[in-house]
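One structure below.
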Amino acid sequence: MSMQLAERMSRLGTETAFEVLARAKALEAKGKSIVNLGIGQPDFLTPEHIVEAAVKALRDGHHGYTPANGILPLREAVARDIHKRLKVEIDPGNVLIVPGGKVTMFFAIMMFGEPGAEIVYPNPGFPIYESVIKFSGATPVPLPLLEKNGFAFTADDVLSRITPRTRLLIVNSPANPTGGVSPKAEIDKLVAGLAKHPHVAIMSDEIYGQMTYDGREHVSLLSYPEIRDRLILLDGWSKTYAMTGWRMGYSVWPKSIVAQAERLAINCHSCVNASAQFAGIAALDGPQDAVHKMVAAFAERRRVIVDELNAVPGISCVEPGGAFYAFPNIKGTGLNSREAETLFLEQAGVAVLSGTAFGAHGDGYLRFSYANSVENIREAMRRIRETLARTGTKAAQ
Ligand code: PLP
């Protein structure tokens, strides 16, 4: 008799970013030069004062378990930060500190998803949404994000997908992989429309909330009191403070279900690394100039990559409003997304991700992460132009 896995394991997807990263590393090990525009993390180090706070916490003896929902001073710092940035009062009792942004989505989806339930999610979107929805047994209902709308969701698109079986609506602005930012007017309309669907919980993934460009405004769903009793906010330190490896995230839950979320945490990870939580306080309460500097660097790189992409025959790229991704349309090259991903990696030595890694509606697009230096971005684009010209794709003929 061999081992027998639970059936649900066959429904669990993955994040192909990690596979492309492995292929890129394997090519590098063989001596090939690779410019990595595949990975979705800031190329900066965590600011020094944040690192120091963690070191101090370790030296001060914070080596044990913490409360499952996180230490109170950190949850209070989250509430202060939300008040400062969004002018919204929240109760630190509704905050759950979790090991990374992903944990909030796993908990929210597992809390609402089961066979017969429907969950609406952005497509193209962060691949883990669809993966965990399927894992939970619920039916994934894709919300197509369209290039013609700058990859922002529209209220009508969302509301038209809600049925009596809808349990959870997932929205993500600024978005991965497209950089789309939904304007306030659409969000107002969405929230107004949701009044007719009081059975629907909402998870708003705002992990890129501090990364918007050209004066675009990040509108948090937390600023709508009328949905607070069914809103789960996903945020964290990974992107804003260049802390992806620290595994630090937080969520704000409706009062009625925060205890359930905490129970999931107790069953799953007990609590977040104690010293990392002290680093989290230093990040939120300390100077924010490092954040502003990083965002300014992303803004400059965004300008470079969008202009460079639009100069390639067969490729066009709408302005991403936020995050650090560009999502160009490559249909004019005659290549599909997977072909382009492989060609660029193996021939040009540039790692990017196929749009289909983010769902079926990503076909015909690629995701470029511009969390890399201007010099590397220019080099990557030079290699891509040269490879497309050499391999004689449709646009080059
Ligand atoms: N949400 C979105 C939209 C993301 O792009 C990511 C990471 O890439 C996450 C959540 C998860 O972040 P974390 O690394 O904190 O788990």
- [ ] Per DSSP H run of at least 4 residues, take -39500 (n - 2.57); add these up for the chain, divide by its residues and hand me the 222 nm value, nearest 500 deg cm²/dmol.
- [x] -12000 deg cm²/dmol
Open item on the list: Show me the trypsin sites (Lys or Arg not before Pro) within the range 20-96 that DSSP assigns to loop and that have at most 13 other Cβ atoms within 10 Å of their Cβ.
Closed with: LYS30, LYS32, LYS87
Task: Choice from LEU145, LEU353, LEU343 with maximal GNM fluctuation in the chain (Cα, 10 Å cutoff) - done: LEU343
Open item on the list: Which one, THR240, THR387, THR212, has the greatest fluctuation when you compute a Gaussian network model over the chain with C-alpha springs under 10 angstrom?
Closed with: THR387
- [ ] Evaluate E = 1/(1 + (r/R0)^6) for ALA26 and GLU379, where r is the Cβ-Cβ distance and R0 equals 22 Å; express this FRET efficiency to the nearest 0.05.
- [x] 0.60
TODO: Kindly state, to the nearest 0.05, the FRET efficiency for LEU146 paired with ARG303, given R0 = 25 Å and r defined as their beta-carbon distance.
DONE: 0.60
Open item on the list: Compute the orientation-averaged projected area for the range 1-120 from the convex hull of its Cα atoms and round it to one decimal in nm².
Closed with: 14.5 nm²
Open item on the list: With a 10 Å cut-off between alpha carbons and a GNM built on the chain, which of SER373, SER337, SER204 moves the most?
Closed with: SER373
- [ ] Report the residues of the range 1-32 in range of a label on THR342: point 7 Å along Cα→C-beta, backbone N strictly under 19 Å from it.
- [x] 16-28
- [ ] Mind checking the per residue accessible area of the chain for me, 1.4 Å probe, whole number of Å²?
- [x] 42 Å²
- [ ] Find the relative contact order for the chain and round it to a whole percent, using C-alpha pairs within less than 8 Å whose residues are 6+ positions apart.
- [x] 23 percent
TODO: Loop sites only, by DSSP: take the GluC sites (Glu not before Pro) in the chain that have at most 16 other C-beta atoms within 10 Å and name the longest stretch containing none of them.
DONE: 218-397
Open item on the list: I need the Kirkwood Rh of the chain: take the reciprocal of the average 1/r across all distinct C-alpha pairs and report it in angstrom.
Closed with: 21.8 Å
TODO: Multiply the residue separation of THR391 and ASN310 by 0.36 nm, subtract the distance between their alpha-carbon atoms, and state the gained length in nm to one decimal.
DONE: 27.2 nm
TODO: Take the Cβ-Cβ distance between LYS184 and PHE44 as r, set R0 to 30 Å, and report the resulting FRET efficiency rounded to the nearest 0.05.
DONE: 0.50
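The values are calculated or read from the model by the stated rules, or taken from the named source; none is laboratory data. Note that the structure is predicted; figures quoted are calculated from it, not measured. Note that each Cβ is placed from the backbone with ideal geometry, even for glycine, and that neighbours are counted across all protein chains shown. Calculation scope for accessible area: heavy atoms of the full protein, side chains included, ligands and nucleic acids excluded. Shrake-Rupley method; radii C 1.70, N 1.55, O 1.52, S 1.80 Å.
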